[in-house]
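Computed from the coordinates by the stated procedures, all read-outs in this text should not be read as laboratory data. Computed from a predicted structure; not experimentally measured. Please note: Cβ atoms are built from the backbone with ideal geometry, for glycine as well, and neighbour counts cover all protein chains shown.
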Amino acid sequence: MTERIIVIGGGAGGLELTVKLARRTRRRASVEVLLVDKNPTHIWKPLFHEVATGSMNSYHDEASYRMLARKHGFGFVLGRVTAVDNTARRVTLAPVEDGSGHRILGARTLDYTHLVVAVGSQSNDFGIDGVLAHSRALDSREEAERFHRNFTAHLHRTNADERRESRLSVVIVGGGATGVELAADMHNVVRRLGEYGFPDFSTDRLEVSIIEAAPGLLPRLPERIGRSVREELERIGVRVHTDTKVSRVLPEAVETSGGQRIAAHMSVWAAGVKAPAFLAESGFPTDRLGRIEVERTLEVRGLENVFAIGDCAAFSSEDGTEVPPRAQAAHQMASIAARNVLARREGRAAKPFVYRDFGSLVNLSSYSTVGNLMGNLVRGTVFVEGRIARVVYLSLYRLHQAAVHGPFSTLLIMLGDRIYKATRAEVKLH
């Protein structure tokens, strides 16, 4: 009888986990590893803000799930999971349609013997009026590309306006990593527009505002990092509003609880995250954010042979500290979950997951990179910025690529990236 291990979600943690499982079971004909994702290709989520601004061409950096499946020996199923029946051990997928609304695949079900849920998170609007109707989130590649098309259209429109005092106003709600990196990257793109046929467009015509409810930016990180990031953003012209809550989002403005009205041709919602609703609807034990409650071994509480990793898993360290929704946490969880899934199917004990915080880095486009290094990398905590921080930040993406493609293939990808950048525009404006 064939055992089927299904991984739902091909993000940073889910894809790395699938590759690890496939490599370790490749010679076992009785084990099938299956990845299920609503998209046909993978892009590292921390890069979505670069897709949104045009700093990165998503079609160059994407990785085909089917290509990776062929290379590593796992199966891939295209589809969005709508429900999980943990009694029957069955996953239900919604129909798949093409860009014109024509159905290409009907609703389907998949049976499993072992399941890993790695569906990540999505923006949390907290029930605030107008967010869903008038704001953009950067939860997926599709949303990032929609933002990019809208952003590019506004650039053309503002540039064509003969009134030199006209401005493009963008409001970003949320001063976490996504918000501050997006703000810096937008300024970097606009700074270079003169090289690409926008002679009358400068950073003076771009008004970017960040609204953060906490007292400082990057509230989950050390205060020093937040202060440094704020200073850099304000230096390049970003307006920062902290200790400010949003009460309503309108088509062309964002209103705060203090009665302030901030003009916005575009608004971005990056204020918080929650897990997809189908997890709680499927009967998983969940917390107030809809994340699946897991044991120390990443097994779902009360369920046998079911695991959850990444942003959709509610996991706290032994001291009660909540594991943050970061790529490094998903990466570490993927390694332990792969071991534990195979251990359980072989009747062995599972290993507890221990999160190791190696620090956090925030990339402010070409302007600066700041953060802290800690854990096993250094003794204590070290604040870093500038070129050293930039090198470490870029290495995180390369480590992810090495986990997915293998070290040699990653070296070839790096070489290809150098050639691509030498022959293509550095800013995508189409």
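Here the residues Ser64, Ser267, ranked from fewest to most Cβ neighbours within 10 Å of their Cβ, fall in the order Ser64, Ser267. Which of Ser228, Ser209, Ser257 moves most in a GNM of the chain, Cα contacts under 10 Å? Maximum among the listed residues: Ser257.
Going by the alpha-carbon gyration tensor, a ≥ b ≥ c the square roots of its eigenvalues, is the chain rounded (a/c under 1.5) or, if a/c is not under 1.5, prolate (a/b greater than b/c) versus oblate? Cα axes put the chain in the prolate bin.
Centroid-to-centroid, using Cα positions, segment 237-260 and segment 97-159 are 24 Å apart. Ordering Ser409, Ser30 by the number of other Cβ atoms within 10 Å of each residue's own Cβ, fewest first, gives Ser30, Ser409. Its Cα centre serving as origin, the chain has a Cβ charge dipole (Lys and Arg +1, Asp and Glu -1) of approximately 1460 debye.
With a Förster radius of 41 Å applied to the C-beta separation of Ser317 and Asp243, the computed FRET efficiency comes to 0.90.
Since only Tyr355, Tyr65, Pro95 are under comparison, the one whose Cα sits farthest along the positive direction of the charge dipole of the chain, derived from C-beta charges on Lys, Arg, Asp and Glu, is Tyr65.
The GluC sites (Glu not before Pro) of segment 294-335 that DSSP puts in a loop, and whose beta carbon has at most 14 other beta carbons within 10 Å, are Glu304, Glu318. For Glu3, the residues 5 or more places off, or on other chains, whose built amide H falls under 5 Å of its own are Val31, Glu32.
Just checking the listed ones, Ala329, Ala144, Ala402: in the Gaussian network model of the chain with Cα springs under 10 Å, the one fluctuating most is Ala402. Think of it as helices only: each DSSP H run of n ≥ 4 in the chain is worth -39500 (n - 2.57), and spread over all residues that comes to -10500 deg cm²/dmol at 222 nm.
Rounded to whole numbers, the Karplus 3J(HN,Hα) couplings from phi for segment 135-144 are 10, 9, 10, 10, 7, 8, 4, 4, 5, 5 Hz, using 6.51 cos²θ - 1.76 cosθ + 1.60 with θ = phi - 60°, and x at Gly and Pro.
Largest GNM mean-square fluctuation across Gly175, Gly406, Gly127, computed for the chain with C-alpha springs under 10 Å, falls on Gly127.
Karplus-based coupling profile of segment 88-95, in residue order and whole Hz: 7, 6, 9, 10, 10, 10, 6, x, with θ = phi - 60° in 6.51 cos²θ - 1.76 cosθ + 1.60 and x standing for Gly or Pro. Taking 30 Å as the limit for the C-alpha separation, the pairs Lys245/Lys351; Lys38/Lys245; Lys274/Lys351; Lys45/Lys428 exceed it in the case of Lys245/Lys351; Lys38/Lys245. As a proxy for reagent exposure, ranking Val354, Val116 by other Cβ atoms within 10 Å from fewest up yields Val354, Val116.
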